[in-house]
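Take a look at the structure below.
The values are calculated or read from the model by the stated rules, or taken from the named source; none is laboratory data. None of these values were measured; they are calculated from a predicted model. For neighbour counting, all protein chains shown are included, and Cβ atoms are generated from backbone atoms with ideal geometry for every residue, glycine included. Areas reflect the complete protein model, heavy atoms only, side chains present, ligands, DNA and RNA absent. Shrake-Rupley method; radii C 1.70, N 1.55, O 1.52, S 1.80 Å.
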Amino acid sequence: MKKIALNINGEEYVVDINEDMRLIDLLRDKLHFTGTKEGCGEGECGACTVIMDGETVNSCMVLAFQAEGREIITIEGVGNGEALHPIQKAFLEEGAVQCGFCIPGMVLSAKALLDKKPAPTRNEIREGISGNLCRCTGYNKIVDAIDKASKYLKEEGETK
Amino acid sequence: MKKRGIGYASTFYGTGYGNGFPDISRAIAELGTDGNIYIYVGATEVGQGAKTILSQIAAEALGVDFSSIVFICEDTSITPDAGTAAASRQTYNTGNAIKLASEKLRNEIINILEKRYGISTENIEDYLLQVAKLNGDEALRMDGIFTASTTEMDAETGQGNPYYPYTFSVYGIEVEVDTTTGIVEVTKAVCGQDVGRAINPKLIEGQIDGGFSMGLGYGIMEDINLQSGRIKHDRFTSYLIPTALDMPDIDKIIIEEPEATGPYGAKGIGEPVLVAVAPAILNAIYNAVGVRMKEIPVTPERLLKALKVKERGV
């Protein structure tokens, strides 16, 4: 057993973990952030994507102890439970969600991209979500949604 | 060297189980004691948009706002069997069952308003609670049953009427073939899809994008690699499916030619949007490099081999 401290969605957590525990298991099983989905469990599908210190990671490929002292954002940290985040709003409006299993990871990849690059080209958007597999949507409506979200975020920035 | 080519393929596809297999959808439309309209149906929502489309059909048939429909599906203990979410059959088959049930309920509500209150109206929305209260604790329920037209084909001649209706579609696809690596990139695509009537155009576009990516994977990437009955490519590291970078933007043309037997003219399109993709890609490869590929997926290895064979003139 090992005790680690980490920040998840802006809150500090101190938790006991096994040394071989994966980050996804810490998030889902121990802390109940079940918005993070496990797909393949081997870093190929991106369903378990979370943001760690500003970079997307597959939480199935990161061990929990590696998150010590880090800042993690999960899908629960996007939007506030009441109001939708502009990315989520754009996903709904564009019909970017079908079965939904890949969507938490998609939204987080979109957020990490837009945080770094507020006005990406369509090809940069495609690159930004290329680590997230989707079997339903064919990606195009997701690309449309991220493009729209970038405009929403720009407008939000202007009004502030 | 990179070579470009364009290919087309079209398909007509019979929706429903077909070949005489019983294809029945059932639905219940109910005016609840709380004045809400409830639709009960066993149809399964798997992300394709059945809940949305079937609620739209109910709202249209009842003449009430979309938001007044409480749609209850999938729970087999309280919903009637509407068949599987398969065979591209929910919009057409179950849509028809819901339309029938909703029309019956609407007529009953109009009758009650006329007989009990002397109100003659086509606009039932404002009177729903009033009518609901008349029945006390009992909800007003109407069922709708739709049976698709299908006959078994003659085993000898292949004749018969296995499916009804048919959906038509055509794809035009541009590819770029790298003759050094054998990699095929799909650079442009246009889809013309007959839908009967577009109940929800945005959902149709989503189905076209999704079907395209499955067809693209089927045509040039996805290989389960069966060896002695075992699937060797049993994970995403070896079984490759398209990513966002593999997909082109698709120019979509929705063709509305209402089908007389469909709910408001609509037909199913879930599978039809996928069928013609792979053949159109293979035709485009032929157009680009002159080799006629007859085995899918057209992986780089297979294409390079075919290009070598062509070079040697064997």
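List the trypsin sites (Lys or Arg not before Pro) in the stretch B:262-298 that DSSP assigns to loop (not H, G, I, E or B) and whose Cβ has at most 14 other Cβ atoms within 10 Å. Which are they?
Qualifying residues, ordered by number: B:ARG292, B:LYS294.
How many Cβ atoms of partner chains, on average, are near each residue of B:204-212 if near means within 10 Å of its Cβ?
6
Hand me the GluC sites (Glu not before Pro) from the stretch B:134-236 located in a DSSP loop with no more than 12 other Cβ atoms within 10 Å, in residue order please.
Sites meeting the loop and neighbour criteria: B:GLU138, B:GLU152, B:GLU156.
Can you tell me which of B:VAL195, B:VAL70, B:VAL41 moves the most in a GNM of chain B? Springs connect C-alpha atoms under 10 Å apart.
It is B:VAL70.
Provide the packing ranking of A:117-124, A:146-153, i.e. peptides ordered by the mean count of other C-beta atoms within 10 Å per residue, highest first.
Highest mean packing first, the order is A:146-153, A:117-124.
For B:LYS188, which sequence-distant residues (separation of 5 or more, or a different chain) have an amide H within less than 5 Å of its own amide H, given hydrogens modelled in the peptide plane?
Here B:GLU174 satisfy the definition.
Using only the Cα atoms, work out Rg/Rh for the stretch A:2-77, with Rh taken as the Kirkwood radius, to two decimals.
Numbers: Rg = 11.0 Å, Rh = 12.0 Å.
Rounded to two decimals, Rg/Rh equals 0.91.
Remind me, what semi-axes does the stretch B:24-147 give for its equivalent ellipsoid, largest first in whole Å, using sqrt of 5 times each Cα gyration tensor eigenvalue?
Working: eigenvalues 136, 35, 29 Å².
Computed over the stretch B:24-147, the values are 26, 13, 12 Å.
When the helices in chain B are scored as -39500 (n - 2.57) per DSSP H run of 4 or longer and the sum is shared across all residues, what 222 nm value do you end up with, to the nearest 500 deg cm²/dmol? List each step's numbers first, then the result.
On the way: 7 runs with 93 residues, N = 314.
Result for chain B: -9500 deg cm²/dmol, rounded to the nearest 500.
What do you get for GluC sites (Glu not before Pro) in the stretch A:43-121 restricted to DSSP loop and a cutoff of at most 11 other Cβ within 10 Å of the site's Cβ?
Of the GluC sites (Glu not before Pro), the ones in loops of the stretch A:43-121 whose Cβ has at most 11 other Cβ atoms within 10 Å are A:GLU82.
Running a GNM on chain B with Cα contacts under 10 Å, which residue among B:ILE269, B:ILE224, B:ILE39 ends up with the highest mean-square fluctuation?
B:ILE224
Taking every alpha carbon pair in chain B, what does the distance histogram look like in 20 angstrom bins from 0, in percent?
28, 45, 21, 5, 0
With heavy atoms of protein chains only and a 1.4 Å probe, what residues of the stretch A:111-160 have at least 30 Å² less accessible area in the full set of chains than alone?
Buried by 30 Å² or more upon assembly, which counts only protein chains, are A:ARG126, A:SER130, A:LEU133, A:ARG135, A:GLY138, A:TYR139, A:ASN140, A:LYS141.
Taking amide H atoms as placed 1.01 Å from N in the peptide plane, list the residues 5 or more away in sequence, or in a different chain, whose amide H sits under 5 Å from that of A:LEU63.
A:LEU23
How much net charge surrounds B:ALA86 when only the other residues with a Cβ under 14 Å from the Cβ of B:ALA86 are counted, with Lys and Arg +1 and Asp and Glu -1?
Details: positive: B:ARG89; negative: B:ASP23, B:GLU45, B:ASP81, B:GLU271.
Local net charge: -3.
Using the Kirkwood formula over every pair of different C-alpha atoms, what hydrodynamic radius in Å results for the stretch A:86-159?
12.0
Work through the residues other than B:ALA276 whose Cβ is under 14 Å from its Cβ and net out their charges, Lys, Arg +1 and Asp, Glu -1.
Computed value for this residue: -1.
Restricting the count to DSSP beta bridges whose residues both fall in the protein assembly as shown, what percent are antiparallel, rounded to a multiple of 5? Could the numbers behind the result be given before it?
Numbers: 51 of 64 bridges.
Counting only bridges with both partners in the protein assembly as shown, antiparallel ones make up about 80 percent.
Are there residues in the stretch A:25-52 whose accessible area shrinks by at least 40 Å² when all protein chains are included rather than the chain by itself, and which are they (probe 1.4 Å, ligands and nucleic acids not counted)?
A:GLU42, A:GLU44
Where only protein heavy atoms count, and the probe is 1.4 Å, what is the accessible area per residue for the stretch A:2-77 in Å²?
47
Over chain B, with every protein chain in place, what whole percent of the accessible area is carbon and sulfur at 1.4 Å, could you tell me?
Carbon and sulfur: 50 percent of the exposed surface of chain B.
For the interface of chains A and B, what total accessible area is buried with a 1.4 Å probe, rounded to the nearest 100 Å²?
2000
Are there residues in the stretch B:227-268 whose accessible area shrinks by at least 10 Å² when all protein chains are included rather than the chain by itself, and which are they (probe 1.4 Å, ligands and nucleic acids not counted)?
Those residues are B:ARG235, B:PHE236, B:THR237, B:ILE241, B:PRO242, B:THR243, B:ALA244, B:LEU245, B:MET247, B:ASP249.
Roughly how compact is the stretch B:153-254, stated as its Cα Rg over 2.2 N^0.38 Å to two decimals? Let's see the in-between values first.
On the way: Rg = 17.9 Å, N = 102, 2.2 N^0.38 = 12.8 Å.
Taking N as the residue count of the stretch B:153-254, the ratio is 1.40.
Going by a ≥ b ≥ c, the root eigenvalues of the Cα gyration tensor, does the stretch B:30-76 fall in the rounded group (a/c under 1.5), the prolate group (a/b larger than b/c) or the oblate group? Could you put the intermediate results ahead of the total?
On the way: a/c = 2.55, a/b = 1.37, b/c = 1.86.
Oblate, because a/c is 1.5 or more while a/b does not exceed b/c.
Given a 1.4 Å probe and every protein chain left where it sits, what share in percent of the accessible area of chain A is carbon and sulfur? Don't jump to the answer; show the numbers that get you there.
On the way: 3680 of 7460 Å².
That fraction is 49 percent.
Suppose R0 equals 56 Å; then what is the FRET efficiency for A:GLU55 and B:ILE119 from their Cβ-Cβ distance, rounded to the nearest 0.05?
0.30
Leaving out ligands and nucleic acids, and using a 1.4 Å probe, what accessible area per residue does the stretch B:82-214 come to in Å²?
Working: 6170 Å² over 133 residues.
It amounts to 46 Å² per residue over the stretch B:82-214.
Which residue, B:GLY16, B:GLY217, B:GLY290, has the most motion in a Gaussian network model of chain B that connects Cα atoms within less than 10 Å?
B:GLY290
How large is ³J(HN,Hα), in whole Hz, for each residue of the stretch B:104-112 in order, when computed from phi with the Karplus curve 6.51 cos²θ - 1.76 cosθ + 1.60 and θ = phi - 60°, using x for Gly and Pro?
With the stated coefficients, the stretch B:104-112 comes to 4, 5, 4, 4, 5, 5, 4, 4, 4 Hz.
Considering chain A, what Rg and Dmax in Å follow from its alpha-carbon atoms?
Spelled out, the Cα radius of gyration and Dmax of chain A are 15.6, 49 Å.
Net charge near B:GLU74: determine it from the other residues with C-beta under 12 Å of the C-beta of B:GLU74, scoring Lys and Arg +1 and Asp and Glu -1.
-2
On alpha-carbon atoms, Rg over Rh for the protein assembly as shown using Kirkwood Rh?
Result: Rg/Rh = 1.03.
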